[in-house]
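The values are calculated or read from the model by the stated rules, or taken from the named source; none is laboratory data. Predicted, not measured: the structure shown is a model, and the values here were computed from it. Neighbour counts run over all protein chains shown; Cβ positions are idealised from the backbone, glycine included. Only protein heavy atoms, including side chains, enter the accessible area calculation; ligands, DNA and RNA are left aside. Shrake-Rupley method; radii C 1.70, N 1.55, O 1.52, S 1.80 Å.
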Amino acid sequence: MVMAADLSRRMGFIAQADVDRVIVLLKRAGLPVAQPGIAPGRLLELMALDKKTEGGTLRFILLDQIGAASIRAAVPAGPLQQALAISAAA
């Protein structure tokens, strides 16, 4: 969820304050806020197996704002790689 929020920010849909809020709320709920040490390339491979993948295209649930999300298939490689790298470093 944190990676999706960060990717949403990188794509200009939400602000950093919204990402921070998502992290605080997840922590309060006792949910994880970092992925378990998976390299970005391997994470992409695993994501290709996800049920949201359609016709070989990764689809992402991204925040348009807090409380409103949409499915997006057109995600630029740059912001995705950056979000995955940050996620792996967390």
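With contacts taken as Cα pairs under 8 Å at a separation of at least 6 residues, the range 17-81 carries a relative contact order of 19 percent. One quarter of the surface of the convex hull around the alpha-carbon atoms of the chain equals 5.7 nm², the direction-averaged projected area.
Of all accessible surface on the chain at a 1.4 Å probe, what whole percent is carbon and sulfur? Present the calculation step by step, with values, prior to reporting the outcome.
Working: 3240 of 5450 Å².
Carbon-and-sulfur percentage of accessible area, whole number: 59.
Once Lys and Arg get +1 and Asp and Glu get -1 on their Cβ, which of Gln16, Gly30, Leu44 lies farthest toward the positive end of the dipole of the chain? Checked the options; the winner is Gly30.
The residues of the chain expose on average 61 square angstrom of accessible surface per residue, using a 1.4 Å probe on protein heavy atoms.
For Arg59, the amide hydrogen comes within under 5 Å of the amide hydrogens of Thr53, Glu54, counting only partners 5 or more places away or on other chains and with H modelled in the peptide plane.
Annotation: amide H-H contacts under 5 Å for Ala69 (H modelled 1.01 Å from N, sequence separation of 5 or more, or interchain): Asp64.
Residues in the range 60-73 carry Karplus couplings, in order, of 10, 8, 10, 7, 7, 5, 4, x, 9, 10, 9, 8, 10, 9 Hz; the curve used is 6.51 cos²θ - 1.76 cosθ + 1.60 with θ = phi - 60°, and Gly or Pro positions show x. Couplings for the range 7-20, taken from phi via the Karplus curve 6.51 cos²θ - 1.76 cosθ + 1.60 with θ = phi - 60°, read 5, 4, 5, 4, 8, x, 7, 9, 8, 4, 4, 5, 4, 4 Hz in order; Gly and Pro are left as x.
Within the set of other residues whose C-beta is less than 13 Å from the C-beta of Leu62, count the net charge using Lys and Arg as +1 and Asp and Glu as -1. Present the calculation step by step, with values, prior to reporting the outcome.
Details: positive: Arg9, Arg10, Lys52, Arg59, Arg72; negative: Asp6, Asp18, Asp64.
Around Leu62, the surrounding residues sum to +2.
Would you tally the net charge around Ile71, using a Cβ to Cβ cut-off of less than 9 Å, leaving Ile71 out, and scoring K and R as +1, D and E as -1?
Here the charged neighbours net out to +3.
Loop only by DSSP, 14 or fewer other Cβ within 10 Å of the Cβ. Give me the trypsin sites (Lys or Arg not before Pro) in the chain that pass, ordered by residue number. Don't skip to the answer; put the middle values down first.
Numbers: sites: Arg9, Arg10, Arg21, Lys27, Arg28, Arg42, Lys51, Lys52, Arg59, Arg72; in loops: Lys51, Lys52, Arg59.
Sites meeting the loop and neighbour criteria: Lys51, Lys52.
Dipole of the chain, Cα-centred, from +1 at each Lys and Arg C-beta and -1 at each Asp and Glu C-beta, to the nearest 20 debye? Spell out each step's value before the answer.
Numbers: 10 positive and 7 negative charges, 23 e Å.
With only Lys, Arg, Asp and Glu charged at Cβ, the dipole is about 120 debye.
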